[in-house]
1. Would you tally the residues in the range 126-148 being of a type in the set (D, E, K, R), without any contact (Cβ under 8 Å) to a residue 24 or more places away in the chain and assigned to a loop (DSSP other than H, G, I, E, B)?
2. Give 69, 99, 36 a once-over and let me know the one that is surrounded by 10 or more Cβ atoms within 10 Å (Cβ to Cβ) and without any contact (Cβ under 8 Å) to a residue 60 or more places away in the chain.
3. Do we find that residue 54 is in a loop (DSSP other than H, G, I, E, B) and either surrounded by fewer than 17 Cβ atoms within 10 Å (Cβ to Cβ) or basic (Lys, Arg) (or both) in this structure?
4. Out of all the residues in the range 83-96, which are out of contact with any strand residue (DSSP E or B) (no Cβ under 9 Å at 6 or more places or on another chain) and either among the hydroxyl-bearing types (Ser, Thr, Tyr) or surrounded by 15 or more Cβ atoms within 10 Å (Cβ to Cβ) (or both)?
5. Using the structure shown, decide if residue 104 is under 22 Å from residue 152 (Cβ atoms), of a type outside the set (Phe, Trp, Tyr) and in a helix (DSSP H, G or I).
6. For the range 102-146, enumerate the residues that are buried (at least 17 other Cβ atoms within 10 Å of the Cβ), among the small types (Gly, Ala, Ser) and under 17 Å from residue 82 (Cβ atoms).
7. Conditions: (1) modelled with pLDDT of 85 or more; (2) in a helix (DSSP H, G or I); (3) among the basic types (Lys, Arg). Residue 29 meets all but one. Number of the miss?
8. Failed condition for residue 123, given (1) without any contact (Cβ under 8 Å) to a residue 12 or more places away in the chain; (2) in contact with a Lys or Arg (Cβ under 8 Å, 6 or more places away or on another chain); (3) under 23 Å from residue 32 (Cβ atoms), with all others met?
Amino acid sequence: MNYSTQGSTFFSAYLSQPYGDLTRRAFFKDGRFRETTFIVEAFRRTACFRKGQAHCGHCHQPHAADSSTNPTSLKFRDQPDRMCLQCHAKFADNASAHTHHAPSSDASRCVACHMPRITNSVLFRARTHQIDDIPNAEMTARFGPEESPNACLLCRLGKTCNCGLHTQHRCTPQLCASTKRKECVMAEVAIEQRQRRIRSFPRQLGITDSQRSS
């Protein structure tokens, strides 16, 4: 835990501690981290870090002039999307095509879906730093919103999606589109993307179709 890396690297070297030694309450049932203790591990698992070489300084400025009113030391506190658009500039001109929400709405902010406030901190709910995550209706249906928080439902506290967010087998893009429930279309897409990733695992491990069927 906490970037336990051996050797002299940028990250401090600590003795590793297996996750199994920690209380189960430190994790959501869907496998994500529940506590800010793991904020560095969460970030290091992302493609932003592994492929894009992103680091804390891309988004945070610890010595900012407005530090007294900017407790999280954000570089672009009043324009949060700029932190993501540094690398993902292709979404700048037509954000709503990606977010399925009005460009000026809070739901169209990058962090609304990719960094929802689901992580326990001492005084507040912090944003998860598992930036790759997107709302996963399949996991929420399986474990419930308390053990698999869903960014879509965080904006709809106490509500459910009448056309089947929690029973995804009844939810189809056609049905959702006809009822103007774009969050369900997003949920259905997320389920299909997850299923494609699962189907690709054997190929990534070098297992052929004939080996799978034998």
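The values are calculated or read from the model by the stated rules, or taken from the named source; none is laboratory data. Note that the structure is predicted; figures quoted are calculated from it, not measured. Counting neighbours? That spans all protein chains shown, and the Cβs are built from the backbone with ideal geometry, glycine included.
1. Adding up the residues that qualify gives 1.
2. Details: 69 fails: surrounded by 10 or more Cβ atoms within 10 Å (Cβ to Cβ); 36 fails: without any contact (Cβ under 8 Å) to a residue 60 or more places away in the chain.
It is 99.
3. In short, no.
4. The answer is 84, 85, 91, 95, 96.
5. Considered against the rule, which asks whether it is under 22 Å from residue 152 (Cβ atoms), of a type outside the set (Phe, Trp, Tyr) and in a helix (DSSP H, G or I), residue 104 comes out as no.
6. If the condition is that a residue be buried (at least 17 other Cβ atoms within 10 Å of the Cβ), among the small types (Gly, Ala, Ser) and under 17 Å from residue 82 (Cβ atoms), then 108, 112 are the ones that fit.
7. All conditions are met except number (2).
8. Here residue 123 clears every test but (2).
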